[in-house]
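Here the structure is laid out as structure tokens; the discussion comes afterwards.
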Amino acid sequence: MIFRPTTADDAAALADVHALAFSDSWSAGEIAALIRGAGGFGFVARKDEEIAGFILCRTIADEAEVLTLATTPARRRGGVARGLVDAASSHAAQRGAVKLFLEVAEDNHGAIALYQTTGFEQVGSRVAYYSRPGGAIAALVMRCDLNR
């Protein structure tokens, strides 16, 4: 697996991966704007010349936030997401961030388990944050101390 920084040139391919991972996916324009935006950064994971996943983040002052993390269905549970979280955490710390935050749907048990194993803990929730066919569900707010 190869991890490299994202560029705005990756936006169309990342939008395709995002559409595989989320029903409410982001456009290439939205992704490019996040990469180019103040404090924006991310990493792409490649395996066998194909994009296996990516993470987009931003830093503001001494905090960083994971904006999205997506892996292709064929590469799930293969260490892609963990590698991306580790790369983003390290990069955020190099940029001066001391905490890394994210939000995850309360029904995304696999992602919650991944985040817990990479040092995140729940610090809050946002009621009715994500839409689901049966009704809205909460987002768990999680935080990782980057000075551990």
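Phi-derived couplings, Karplus 6.51 cos²θ - 1.76 cosθ + 1.60 at θ = phi - 60°, listed residue by residue for region 31-43: 5, 4, 5, 5, 5, 7, x, 4, x, x, 7, x, 9 Hz, with x used for Gly and Pro.
Scanning residues 5 or more positions from residue 52 or on other chains, those with amide H under 5 Å from its amide H are 45, 46, 47, with H placed 1.01 Å from N in the peptide plane. The H on the amide N of residue 146, modeled in the peptide plane, is under 5 Å from the matching H of 99, 100, each at least 5 residues off or on a different chain. Here's how it looks for residue 68: its modeled amide H is under 5 Å from those of 56, which are all 5 or more places away or on a different chain.
Applied to region 81-88, the Karplus parametrisation 6.51 cos²θ - 1.76 cosθ + 1.60 on θ = phi - 60° returns per-residue 3J(HN,Hα) values of 4, 4, x, 5, 4, 4, 5, 5 Hz, with x for Gly and Pro. The phi-based Karplus calculation (6.51 cos²θ - 1.76 cosθ + 1.60; θ = phi - 60°) puts the 3J(HN,Hα) values of region 111-125 at 5, 4, 4, 4, 5, 5, 6, 9, x, 7, 9, 6, 10, x, 8 Hz, whole numbers, x for Gly and Pro.
Just so you know, all these numbers are worked out from the coordinates, no wet-lab data involved. Being a predicted model, the structure only gives us computed values, none of them experimental.
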